[in-house]
Ligand code: FES
């Protein structure tokens, strides 16, 4: 049976090219940061973990856009990621990818879907 969607935020909490909504998930039972942004009208979410070094990417909480607001940027060594796909297009991990989280948006609410890898933090195996 598929996992139920988990409510993340209201649609209005995610402005186009604005601050991300940051949240935590349990990835294989471990608390792991994640984020969601709005890009070209759609919400995209990923684990907050650079493909270069497994570190959080935002230099200030929720700040993931590069100066031109074209790409998601890792503040550590400057890797640039396509916001719709998570593909790294520039930097030391070019060709790598952010780990995506499935998102839906309906009736003004944004939700994410757990899977075999990530679960709500309220159900961690190792809190
Ligand atoms: S840790 Fe992200 S580019 Fe190096």
- Of all DSSP beta bridges in the chain, what percent run antiparallel (nearest 5)? 95
- Sorted by average packing, counted as other Cβ atoms within 10 angstrom per residue and highest first, what order do 12-19, 57-64 take? 57-64, 12-19
- Heads up, the stretch 1-71 by the C-alpha gyration tensor (a ≥ b ≥ c square roots of eigenvalues; a/c under 1.5 rounded, else a/b over b/c prolate, else oblate) looks oblate
- Query: With the Cα gyration tensor of the stretch 77-127 giving a ≥ b ≥ c as the square roots of its eigenvalues, does the rule (a/c under 1.5 for rounded; else a/b larger than b/c for prolate; else oblate) give rounded, prolate or oblate?
  - Reply: oblate
- Note on the structure: Among the Cα-Cα pairs of the stretch 6-120, the proportion with separation greater than 22 Å, in percent, is 27
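Coordinate-derived values only; no laboratory data. Every value quoted in this text rests on a predicted model; they were computed, and no experiment measured them. Cβ sites come from the backbone with ideal geometry, for glycine too, and all protein chains shown count toward neighbours.
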